[in-house]
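These notes are about the structure you will find just below.
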Amino acid sequence: EAMMDIEVKPKPVQPHWYERYIQPCVAELLGTTLFIFVGCLSVIEDTEGTGRLQPALVHGLAAGLTIAILGDV
């Protein structure tokens with residue numbers, strides 16, 4: 001008897017409603033909060049001479065950190 005090899009492809013699993021709707025919203029909320037909170041804290045410092053560089057660097061680092069942490073969501 002010759003058996004035929006039949007490829008059975010598994011049905012793609014639909015993500016849970018939490019992973020589909022809630023998790024991206026929570027990640028967006030946390031990322032935006034981190035970005036705004038850290039960015040605003042960088043401007044509070046009362047030292048002369050920091051200029052525009054410090055807030056720009058802090059916002060860039062906050063964006064990079066947010067993407068690194070929450071990018072897979």
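The values are calculated or read from the model by the stated rules, or taken from the named source; none is laboratory data. Keep in mind the model is a prediction, meaning the values are calculated, not measured. Cβ: placed from backbone, ideal geometry, glycine included. Neighbour counts: every protein chain shown. Keep in mind that these areas ignore ligands, DNA and RNA; they rest on the heavy atoms of the full protein, side chains included. Shrake-Rupley method; radii C 1.70, N 1.55, O 1.52, S 1.80 Å.
Tally up the carbon and sulfur contribution to the accessible surface of region 26-73 as a whole percent, 1.4 Å probe, everything protein left in place.
71 percent
What angle do you read, to the nearest 10 degrees and between 0 and 90, between the alpha-carbon axis of helix 23-44 and the longest principal axis of the chain?
So the helix axis and the longest Cα principal axis differ by about 20 degrees.
Name the residue from 63, 8, 40 whose Cα lies farthest towards the positive end of the charge dipole of the chain, charges +1 on Cβ of Lys and Arg and -1 on Cβ of Asp and Glu.
Farthest towards the positive end: 40.
Say each of residue 25 and residue 73 gets a label point 7 Å from the Cα, pointing the same way as Cα to Cβ; how far apart are those two points in nm?
1.3 nm
Computed from the coordinates I sent, semi-axes √(5λ) of the Cα gyration tensor in Å equals one of (1) 49, 15, 5; (2) 33, 12, 6; (3) 46, 18, 10. Tell me the label.
(1)
What does the accessible area per residue of the chain come to in Å², with a 1.4 Å probe and no ligands, DNA or RNA counted?
With the other protein chains kept in place, the chain gives 93 Å² per residue.
Defining a contact as two alpha carbons under 8 Å apart and six or more residues distant in sequence, what relative contact order in percent does the chain show?
Relative contact order comes out at 36 percent.
Helix 53-70 versus the longest principal axis of the chain: what is the Cα-based angle in degrees, 0 to 90, to the nearest 10?
Long axis of 53-70 versus the principal axis of the chain: about 20 degrees.
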